[in-house]
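FYI, it's all coordinate maths here, none of it is from the lab. Just so it is clear, the structure is predicted and the values come from calculations on it, not from any experiment. Every residue, glycine as well, gets a Cβ built from its backbone with ideal geometry; the counts of neighbours run over all protein chains shown.
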Amino acid sequence: MSPWAIIVAAGKGERMKTETPKQFVIWRDRPLYWHSAVAFSRSSRVKGIVFVFHPDYLEREKERLRDLIKTAEVCVPWLVAPGGARRQDSVRAALESLPPECDLVFVHDAARPFLSPRLVHRIADSLAPEMAGVIPCVDVTDTIKSVGKGACIGATIPRHTLLAAQTPQLFRRRVLQKAHETTGDFTDDAGMLEAMGEKIGFCEGERSNVKLTYPEDLDLLREKDDMINISGFGYDVHKFGGDKPLRLGGVPIPGALTITAHSDGDVVLHALMDAILGCVGRGDLGDHFPDTDPALAGVSSAILLDEVLDLAREARFVIDHVDITIIAQKPRLAARKKEISNNIARLLGLSTAMVNIKATTEEGMGFTGRKEGIKCCALVNGRMRRND
Ligand code: CTP
Ligand code: MG
């Protein structure tokens, strides 16, 4: 099987009323049509892509594609074809430019930039041998009326008989090309094949796979860029008894207690760093600072925290709130909690109200109860740009 994808981007976008046709609107530094190409390429279900542009834009977009392809976001061969007056004319032109080995073809609207690789897979997997094509559909949630006479409603169409068709639509290339020789106006390719009596299957589409049509639909692009809330959890344990003086959250805790550790053994900062790494999806502390690294012997955890915060900044992750529980039979920490939260707030650049420290014993049970060591759990909450 050698499926290709046609991305039709030759419309005028009249209903959108943007200065430039909607398929050229820039979102996340790329023209809208490019996002669909990335989804096809990521799905690894297509062997190549044909972009269809209005002849007035063809050369300009070819230039732009030569640059975009250098990003390696799309790793399949590509072609451009000149679009026609109607959508179906644009599809026909693209079909003619497909290489001979192509036997299956996805036809997709450039105006649906939220296409997911998962949907591409679902469609491809739904094409049964007896079908000429398969299309993704979603339930109709509004009650649909027909228009009657004199600005009155005609009738209510039973909703359970309806489906809203999306793209990409997948077809056997030969059958689709034959369908495009017929006359008639069609708003999608499946409609042409249905008119010829061909069997078209359907699978579940995605509600997020909307076609940007009217000006307010552009808000969806901004919403996608909104920050989302992220949480990360961290946990650490240290044994009492070594040669390191006890420090918690960067605060020295005077007394007889010492810690066994390669670094400074600050159980609170270690749990905190693991929680931050969890938020940004960067593994755990050991991945970044192995306890076999001689350069890290006795290193201050506050220095390591700075490096972890650099990773968080790189990921554009913003910490909002930290909640920490220290679990120890000794020392008693009630009087030190404020000092620890102040210091962590300082290290993270947060207000102290956003750093909460709790301390508890384990009622004499377990290794903390036997006063053999100390443990700490940290929960970090923050925001990051959605990355999908
Ligand atoms: N399309 C095309 N060639 C045409 C008409 C439409 O390639 N002659 C493409 C559009 O660029 C779009 C897709 O078909 O990606 C779906 O069409 P639609 O949403 O109707 O886009 P436009 O026709 O551009 O918008 P409008 O109808 O509002 O003018
Ligand atoms: Mg149109």
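Sorting check: for 266-274, 80-88, which peptide has the highest mean count of neighbouring beta carbons within 10 Å, and how do the rest follow?
Descending mean neighbour count gives 266-274, 80-88.
Classify the stretch 257-388 as rounded, prolate or oblate, taking a ≥ b ≥ c as the square roots of the eigenvalues of its Cα gyration tensor: rounded when a/c is under 1.5, otherwise prolate if a/b is larger than b/c and oblate if not.
Cα axes put the stretch 257-388 in the oblate bin.
Of all DSSP beta bridges in the chain, what percent run antiparallel (nearest 5)?
Roughly 60 percent of the DSSP beta bridges within the chain come out antiparallel.
Counting helices only, and only those DSSP H runs with n ≥ 4, report the 222 nm mean residue ellipticity of the chain as the sum of -39,500 (n - 2.57) divided by its residues, in deg cm²/dmol to the nearest 500.
Helix contribution divided over all residues of the chain: -8500 deg cm²/dmol.
Residue farthest toward the positive end of the dipole of the chain, with Cβ of Lys/Arg at +1 and Asp/Glu at -1: which of LEU104, VAL251, VAL175?
VAL251
In debye, nearest 20, what is the charge dipole magnitude of the stretch 31-107 about its Cα centre with +1 on Lys and Arg Cβ and -1 on Asp and Glu Cβ, if you could check?
Value, rounded to 20: 200 debye.
Please give me, ordered by residue number, the trypsin sites (Lys or Arg not before Pro) of the stretch 148-191 that lie in loop per DSSP and have at most 15 other Cβ atoms within 10 Å.
Qualifying residues, ordered by number: LYS149.
With a Förster radius of 41 Å, plug the Cβ-Cβ distance of THR18 and LEU350 into 1/(1 + (r/R0)^6) and report the FRET value to the nearest 0.05.
0.50
Sorting check: for 67-79, 322-334, which peptide has the highest mean count of neighbouring beta carbons within 10 Å, and how do the rest follow?
Final packing ranking: 322-334, 67-79.
Which of the peptides 304-310, 14-20, 89-95 is most tightly packed, and how do the rest follow, going by the mean number of other Cβ atoms within 10 Å of each residue?
89-95, 304-310, 14-20
Roughly speaking, what is the centre-to-centre gap between the stretch 46-120 and the stretch 311-382 when only Cα atoms are used, to the nearest Å?
About 53 Å separates the Cα centre of the stretch 46-120 from the one of the stretch 311-382.
Which of the GluC sites (Glu not before Pro) found in the stretch 309-376 are loop residues per DSSP with 16 or fewer other Cβ atoms within 10 Å of their Cβ?
GLU362, GLU363, GLU372
So for PHE317, PHE367, fewest C-beta neighbours within 10 Å to most, what's the order?
Placing the least packed residue first, the sequence is PHE367, PHE317.
How big, on average over all directions, is the shadow cast by the Cα convex hull of the chain, in nm²?
That works out to 27.9 nm², a quarter of the Cα hull's surface.
With +1 on each Lys and Arg Cβ and -1 on each Asp and Glu Cβ, and nothing else charged, work out how big the dipole of the stretch 227-385 is about its Cα centre, in Debye to the nearest 20.
620
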